[in-house]
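**Student:** Below: one structure in structure tokens.
The values are calculated or read from the model by the stated rules, or taken from the named source; none is laboratory data. No experiment lies behind these values; they were computed from the predicted model shown. Note that we place each Cβ from the backbone using ideal geometry, even for glycine, and neighbour counts take in every protein chain shown. Note: areas computed on protein heavy atoms with side chains; ligands, DNA, RNA excluded. Shrake-Rupley method; radii C 1.70, N 1.55, O 1.52, S 1.80 Å.
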Amino acid sequence: MKIRVLWFGRSGSGPWEEEIARYRRTVDRRWPTEDRALRPVSGGRDDDPRRILREEARTLERALDPAAVLAVLDEGGRAMTSEAFAAWLADLEDRAAPGVDLVVGSDLGLEPDIARRAGLVLSLSAMTLPHRLARLLLWEQLFRASHILGGGGYHRPNVQ
């Protein structure tokens, strides 16, 4: 099963990218991965955000793998524990899903039709997060899931 994180933004360097690369190297041991930047639409973001979202949706449609399970991040989505997220990924593995496309929207979010089609709308927090931080958190949760499913010592369940 291939894990792809598709996100709107520009790749750069720095501590965010270094940490994502570190997480990704470990996740790659369990699942092949791809971290793919999609170019956000420029110009008119304040004047006509709905048009921007429609154009970004078309960009995303071209990048999605039609065979993969679609999952999108949204603050109004389903809250999951790390264990539940790992179990969701394990279920996809058990059902021989060819892949999962995890999508982080732009600063405007995602066009609503994309979220309606998703097999999972996932919330990392009830708070609005910068999309760069959401991407980092998503990679950390993928890293954590690979440890949970592989029996690694990184994840420590709550001991209360």
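**Student:** Among what's in region 37-64 and is part of a helix (DSSP H, G or I) and over 19 Å from the mean Cα position of the chain (by Cα), pick the residue that is nearest to Glu111 (Cα to Cα).
**Tutor:** Looking at the filtered set, the residue picked out is Arg54.
**Student:** Within region 9-42, track down each residue that is modelled with pLDDT of 95 or more and aromatic (Phe, Trp, Tyr).
**Tutor:** Correct list: Tyr23, Trp31.
**Student:** Moving on to the next point. Of all residues being over 25 Å from Asp28 (Cα atoms) and of a type in the set (D, E, K, R) in region 85-130, which is modelled with the lowest pLDDT? Just the residue, please.
**Tutor:** Asp107
**Student:** Give region 1-15 a look and list any residue that's open to solvent by 30 Å² or more (accessible area, probe 1.4 Å) and either more than 19 Å from Leu138 (Cβ to Cβ) or not charged (D, E, K, R) (or both), or say none.
**Tutor:** Residues satisfying the conditions are Met1, Ser11, Gly12, Ser13, Pro15.
**Student:** Only residues that are open to solvent by less than 30 Å² (accessible area, probe 1.4 Å) and among the small types (Gly, Ala, Ser): list them for region 36-55, please.
**Tutor:** Gly44
**Student:** Another question, then. Within region 1-41, which residues are within 18 Å of His131 (Cα to Cα) and β-branched (Val, Ile, Thr)?
**Tutor:** Val5, Ile20, Val41, listed by residue number.
**Student:** While we're here: Condition (residue is within 17 Å of Leu136 (Cα to Cα), open to solvent by 30 Å² or more (accessible area, probe 1.4 Å), part of a strand (DSSP E or B) and touching a residue at least 24 places away in the same chain (Cβ under 8 Å)) applied to region 16-35: is it met by at least one residue?
**Tutor:** yes
**Student:** Separate question: Going by what's in this entry, would Trp31 be described as hydrophobic (A, V, I, L, M, F, W, C) and in contact with a helix residue (DSSP H, G or I) (Cβ under 6 Å, 6 or more places away or on another chain)?
**Tutor:** Here the answer is no, as Trp31 does not meet what is asked.
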